[in-house]
Amino acid sequence: MPIKRTTYQSDESLKDFYNRKEWKDAYEVISKKILKLIDWINENFVETELIASTSHLRLCIQDKDDERLNWIIIISNIGQDEYHFEYKVPKKKNPWNDAWIKGTANDLEEAKIYLIKSMNESEVWKGNNELIKLIAK
């Protein structure tokens, strides 16, 4: 199923949010970059339930539609080719409470790899068949 927006922000879809006419200049560039990644997610995670919310144009992914906004992966862009990633470290690997790993992908192709790695390393989607196939590529 396509990545969907949390019910707590369900007044518009993710695509509608990132396609808003009000986004101008850098905001428009950022939106288009995030939309390209969303399109790739929708093509490759057909059966996987991915829930997202948006915060300051960031795409914040979680595994359940929960009002607590338990973000696992946060993806942002500042209007350039790079995509900035953060993912939550699993509790058993935490050096401290609520640890996050950050990194920057240089372009969309590398962002796809970073998303796959973030999903895998967060261990939230462990055993997911679509993720396993993408890791094997």
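Since every read-out is calculated from the coordinates, none of them should be taken as a lab result. Just so it is clear, the structure is predicted and the values come from calculations on it, not from any experiment. Quick reminder, even Gly has a Cβ in these numbers, built from the backbone with ideal geometry, and neighbours come from all protein chains shown.
In summary, strands (runs of 3 or more DSSP E) completely within segment 22-137 and bearing 1 or more residues that are among the aliphatic types (A, V, I, L, M), closer than 24 Å to Tyr8 by Cα and touching a Cys at 6+ places or on another chain (Cβ under 9 Å) occur at 51-55, 73-76. Scanning segment 11-50 for residues that are of a type in the set (Lys, Arg) and in contact (Cβ under 8 Å) with a residue 60 or more places away in the chain yields Lys33, Lys36. Has segment 34-52 got any residue that is more than 18 Å from Glu130 (Cβ to Cβ) and polar (S, T, N, Q)? The answer is no, given that none of the residues of segment 34-52 is more than 18 Å from Glu130 (Cβ to Cβ) and polar (S, T, N, Q). Of all residues in segment 87-108, those satisfying the criterion of being more than 14 Å from Asn70 (Cα to Cα) and over 17 Å from the mean Cα position of the chain (by Cα) are Lys92, Lys93, Asn94, Pro95, Trp96, Asn97. Against the list (1) of a type in the set (A, V, I, L, M); (2) in contact (Cβ under 8 Å) with a residue 60 or more places away in the chain; (3) surrounded by fewer than 16 Cβ atoms within 10 Å (Cβ to Cβ), the condition Ile78 fails is (2). Please determine whether any residue of segment 102-122 is surrounded by 13 or more Cβ atoms within 10 Å (Cβ to Cβ), touching an Asp or Glu at 6+ places or on another chain (Cβ under 6 Å) and within 19 Å of Glu47 (Cα to Cα). No, segment 102-122 contains no residue that is surrounded by 13 or more Cβ atoms within 10 Å (Cβ to Cβ), touching an Asp or Glu at 6+ places or on another chain (Cβ under 6 Å) and within 19 Å of Glu47 (Cα to Cα).
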